1. Mind checking which strands (runs of 3 or more DSSP E) fall wholly inside region A:2-45 and carry at least 3 residues that are of a type in the set (S, T, N, Q)?
2. Which of the strands (runs of 3 or more DSSP E) found entirely inside region B:47-114 contain at least 3 residues meeting this: of a type outside the set (A, V, I, L, M, F, W, C) and under 17 Å from B:Thr5 (Cβ atoms)?
3. Could you please give the count of residues in region A:77-103 that are part of a strand (DSSP E or B) and facing chain B (nearest Cβ under 10 Å)?
4. Just checking, does region B:33-55 include any residue being free of Cβ contacts under 8 Å to residues at least 24 places away in the same chain, at the interface with chain A (Cβ under 9 Å from one of its Cβ atoms) and in contact with a Lys or Arg (Cβ under 8 Å, 6 or more places away or on another chain)?
5. If A:Thr113 satisfies all but one of (1) under 14 Å from the mean Cα position of the chain (by Cα); (2) within 13 Å of chain B (Cβ to nearest Cβ); (3) outside any loop (DSSP other than H, G, I, E, B), what's the number of the condition it fails?
6. Please state which one of B:Gly98, B:Gly62, B:Gly107, B:Gly16 is surrounded by fewer than 14 Cβ atoms within 10 Å (Cβ to Cβ) and modelled with pLDDT of 95 or more.
7. Is it the case that some residue within region A:56-76 is within 8 Å of chain B (Cβ to nearest Cβ) and surrounded by 15 or more Cβ atoms within 10 Å (Cβ to Cβ)?
Amino acid sequence: DGGITQSPKYLFRKEGQNVTLSCEQNLNHDAMYWYRQDPGQGLRLIYYSQIVNDFQKGDIAEGYSVSREKKESFPLTVTSAQKNPTAFYLCASIRSRQGASAEAFFGQGTRLTVV
Amino acid sequence: AQSVTQLGSHVSVSEGALVLLRCNYSSSVPPYLFWYVQYPNQGLQLLLKYTSAATLVKGINGFEAEFKKSETSFHLTKPSAHMSDAAEYFCAVSDDTGRRALTFGSGTRLQVQP
């Protein structure tokens, strides 16, 4: 079955560490997105990529970095510069050719906790 | 910039009662609107979407939503709540800046009482 796989499901980070969250899709979608979810705040866009080897900052990119070396993969690194990284992180993809009406498909999320 | 506002962070209904979750949008262009559902520690699943083809949109699990331009609303309804409907619901609007990302409301947690 096609879909988006995020790993790990739970991740614990010590203060000052960088951690990388994995996102892999086999939907053949061009566009991929990372969102951060905090209680009572909905989802906020961190980074997005519409084609391989290109990505753009979203609304809350500070303290995060991404890469897009393959169409299927869009890993997110939470750096030590992110002051409040504890959150639920969701990866999504969209089929580009469908335009703005295209629905987003989501992974199951990674819950990151700073210990 | 486009935005959505969800009125009521928590809604509680009895099993079998009407479900009404409210969403108002702000957009300078005709919007594409979506409702997603999220179960605890899960990703989001699309319930339905409005793309201007019809103002009354039917989705999965018996949910539907009506687009009302005059009220800038896209409220989600279900005639009879089921225990399995307990979840968090998000209204979203498609970004008009070329990013094609979604801008989400803050969510409404639906509780269904037996």
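The values are calculated or read from the model by the stated rules, or taken from the named source; none is laboratory data. Computed from a predicted model, the values in this text were never measured in an experiment. We place every Cβ from the backbone using ideal geometry, glycine too, and count neighbours over all the protein chains shown.
1. Ranges flagged: A:4-7, A:19-25.
2. The strands (runs of 3 or more DSSP E) meeting that bar are B:87-94.
3. Residues in region A:77-103 being part of a strand (DSSP E or B) and facing chain B (nearest Cβ under 10 Å): 5 in total.
4. Yes: region B:33-55 contains one or more residues that are free of Cβ contacts under 8 Å to residues at least 24 places away in the same chain, at the interface with chain A (Cβ under 9 Å from one of its Cβ atoms) and in contact with a Lys or Arg (Cβ under 8 Å, 6 or more places away or on another chain).
5. (1)
6. Details: B:Gly98 fails: modelled with pLDDT of 95 or more; B:Gly62 fails: surrounded by fewer than 14 Cβ atoms within 10 Å (Cβ to Cβ); B:Gly107 fails: surrounded by fewer than 14 Cβ atoms within 10 Å (Cβ to Cβ).
On inspection, the qualifying residue turns out to be B:Gly16.
7. Yes, region A:56-76 contains a residue that is within 8 Å of chain B (Cβ to nearest Cβ) and surrounded by 15 or more Cβ atoms within 10 Å (Cβ to Cβ).
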